[in-house]
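K.L.:
Dumping the structure here so I can ask a few things about it.
The values are calculated or read from the model by the stated rules, or taken from the named source; none is laboratory data. Since the structure is predicted, the reported quantities are computational estimates derived from the model, not experimental observations. Don't worry about glycine lacking a Cβ; one is built from the backbone with ideal geometry, like all the others, and counts go over all protein chains shown.
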Amino acid sequence: MMQFAEDRPVRHHSGLARLFVLGGLLAAGCGGATPERAAHRQQMVVDRAATTLDEIRQSGGAPVADLLARAEAVLIFPDLVSGGFAFDALRGEGVLFARTPAGWRGPAFYSSASMSLAVQLGVGNSGAALLVMSPKVLAMLLQWPSFRARAVQGAALADLATATPDQLAHADIVAWTETGRAAGESAIAGSEITPRNEDDTAYYGTPATAQDVVDGKVHSPGAAALIAALGG
């Protein structure tokens with residue numbers, strides 16, 4: 001069973017700036033964007049994901065190092081925008097990197113959208129991630145048209161901030177959020193996560209799906225730094 005940390009104050013010192021960054025990403029992806037502009041927008045998501053991976057490592061310490069050494073995949077959403085009064089809404093773009101016999105491969109692009117009951121005043125944004133510990137869950141992410149971690153029957157979910165070592169050792173999916181807020185961790189676990197094949201195609205310059213990315217049919221030097229950070 002997923003456990004959630006007590007609410008902790010949201011770090012606002014960079015939230016507004018990151019909202020402007022995400023606004024630029026979304027604007028660049030609007031109608032009329034050239035393939036070059038679209039690829040640039042997606043590269044910005046990849047670069048932000050690399051920064052978020054560093055934040056995950058710093059906040060999680062040794063448990064994160066162990067999880068990443070065992071993970072089948074990592075799905076990182078560097079800028080999830082949240083806001084509302086009666087609901088906590090999370091939405092944003094993310095990237096999946098998967099471990100294969102040939103090493104880590106990615107990125108495959110995904111979007112996340114969630115609307116869950118919570119007390120959330122104002123707006124903000126933060127990074128979030130799912131560490132995928134099960135080959136079965138990875139296969140679902142690659143093959144299903146949409147995915148919700150909480151809807152996977154029999155999957156063991158854990159919150160990185162509050163789970164016990166035993167829970168982390170047996171988890172199929174581990175959730176992390178930059179803020180550590182219970183509402184945010186609940187929302188990312190319940191988010192509808194959808195593959196964005198159009199972004200894969202624009203980024204790699206050829207028709208591509210998440211499965212193609214993991215199978216090594218497409219590559220991009222723009223992901224080299226993040227792949228190296230994951231261990232090659």
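K.L.:
ALA171 versus (1) under 21 Å from GLN58 (Cβ atoms); (2) out of contact with any Leu (no Cβ under 9 Å at 6 or more places or on another chain): which is the lone unmet condition?
P.N.:
It fails just one condition, (2).
K.L.:
Looking only at region 198-211, count every residue that is buried (at least 17 other Cβ atoms within 10 Å of the Cβ) and either among the aliphatic types (A, V, I, L, M) or without any contact (Cβ under 8 Å) to a residue 24 or more places away in the chain (or both) and tell me the total.
P.N.:
Summing the residues that are buried (at least 17 other Cβ atoms within 10 Å of the Cβ) and either among the aliphatic types (A, V, I, L, M) or without any contact (Cβ under 8 Å) to a residue 24 or more places away in the chain (or both) in region 198-211 gives 5.
K.L.:
Name every residue in region 33-80 that is modelled with pLDDT under 95, among the acidic types (Asp, Glu) and not in a helix (DSSP H, G or I), in order of residue number.
P.N.:
ASP79
K.L.:
Same structure, new question: Go through (1) hydrophobic (A, V, I, L, M, F, W, C); (2) modelled with pLDDT of 50 or more; (3) surrounded by 16 or more Cβ atoms within 10 Å (Cβ to Cβ) one by one and return the number of the condition LEU25 breaks.
P.N.:
Single failed check for LEU25: (2).
K.L.:
Any residue in region 96-115 that's over 10 Å from VAL213 (Cα atoms) and at pLDDT 95 or above: show its pairings with residues that are aliphatic (A, V, I, L, M) and not in a strand (DSSP E or B) at Cβ separation under 6 Å, as long as the two are six or more apart or on different chains.
P.N.:
As it stands, the answer is TRP104/ILE227; TRP104/LEU230, since those pairs meet every condition given.
K.L.:
Can I ask one more? Can you go through ALA225, ALA187, ALA149 and tell me which one is closer than 19 Å to THR52 by Cα and modelled with pLDDT under 90?
P.N.:
Numbers: ALA225 fails: modelled with pLDDT under 90; ALA149 fails: closer than 19 Å to THR52 by Cα.
Of ALA225, ALA187, ALA149, the one residue that is closer than 19 Å to THR52 by Cα and modelled with pLDDT under 90 is ALA187.
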